[in-house]
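The structure appears below as structure tokens.
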Amino acid sequence: MANVNPIPEKLVNYNVYLGSEKLVGLAAEVTLPNLEAMSETISGAGILGEYDSPTPGHFGSLSIELTFRVLFDKSFKLLNPSGETLIFRASQQHYDVASGQISHRGLKVTVKTLPKGVDLGKLAVGGATETKNTLEILYIKIEENGQTLLELDKLNFIYIVNGVDILANVRNQI
């Protein structure tokens, strides 16, 4: 039988922490940011047409939205202009074809943020307010089973992918 890696299946569950405090009362899902590289269109002599040249480690604005079921003090704590650190801890399920066993891997996403705004939501008898905080991400680190898959620190010029410091030479040159 061919050597088959475990099949990643799904996220079993997750928790969100504001610093060391577990946040309870969030809606069921959080959408992580979309990393879109900043690029420059390249064209000229010897080039057939044009292409976009991405600048490694340089991404447009990254944001995340947290939706709370009701309006309470945590939404206002996230408005702190000095920023907050959020940690998302999850368990991901994998299926091992060779052994026929299900296993789980830890996923940790850490973001350092600044507040962009808050949508206070709506008031409805017997309903959730769906209060939504929007946060700018200045730092994000994604780890699976303790291995760094991505670390982006916009203010300290760090861009690590799968453990490789992509911008080490650039930092040394500037």
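Using a Gaussian network model on the chain with a 10 Å cutoff between Cα atoms, which of 153, 119, 96 fluctuates the most?
96
Could you tell me the calculated FRET efficiency between residue 145 and residue 42, based on Cβ-Cβ distance and R0 = 35 angstrom, to the nearest 0.05?
Working: r = 39 Å, r/R0 = 1.10.
Rounded to the nearest 0.05, the efficiency is 0.35.
Could you check the simple spin-label distance between residue 161 and residue 105, using points 7 Å along Cα→Cβ, in nm with one decimal?
In this crude label model, residue 161 to residue 105 measures out at 1.8 nm.
Quick check on the chain: helices-only [θ] at 222 nm, where DSSP H runs of length 4 and up contribute -39,500 (n - 2.57) each and the sum goes over total residues. Nearest 500, please. Don't jump to the answer; show the numbers that get you there.
On the way: 2 runs with 11 residues, N = 174.
The helix-only estimate for the chain comes to -1500 deg cm²/dmol at 222 nm.
Using a probe radius of 1.4 Å on heavy atoms only, what accessible surface per residue do you get for the chain? Whole Å² is fine. Let's see the in-between values first.
Values: 10860 Å² over 174 residues.
Averaged over the residues of the chain, the accessible area is 62 Å².
Across the chain, how many lysine pairs, 8 or more apart or on two chains, come within less than 18 Å at their alpha-carbon atoms?
Going through the chain pair by pair, I get 21.
Can you compute 3J(HN,Hα) from phi for each residue in the range 121-131, using the Karplus curve 6.51 cos²θ - 1.76 cosθ + 1.60 with θ = phi - 60°, rounded to whole Hz and x for Gly and Pro?
Per residue, the Karplus-derived 3J(HN,Hα) values read x, 9, 9, 8, 4, x, x, 7, 7, 6, 5 Hz.
What residues have an amide H closer than 5 Å to that of residue 116, excluding those fewer than 5 places away on the same chain, when H is modeled at 1.01 Å from N in the peptide plane?
Here 134, 135, 136 satisfy the definition.
Report, to one decimal in Å, the Kirkwood hydrodynamic radius for the chain based on all distinct Cα pairs.
Numbers: mean 1/r = 0.0528 Å⁻¹.
It is 18.9 Å.
How large, in percent, is the carbon and sulfur part of the accessible surface of the range 42-174 at a probe radius of 1.4 Å?
Values: 4050 of 7710 Å².
Roughly 53 percent of what the probe reaches on the range 42-174 is carbon or sulfur.
The values are calculated or read from the model by the stated rules, or taken from the named source; none is laboratory data. Note that the coordinates shown come from a computational prediction; the quantities given were computed from them, not determined experimentally. Note that we place each Cβ from the backbone using ideal geometry, even for glycine, and neighbour counts take in every protein chain shown. Please note that ligands, DNA and RNA were not included when accessible areas were found on the heavy atoms of the full protein model with its side chains. Shrake-Rupley method; radii C 1.70, N 1.55, O 1.52, S 1.80 Å.
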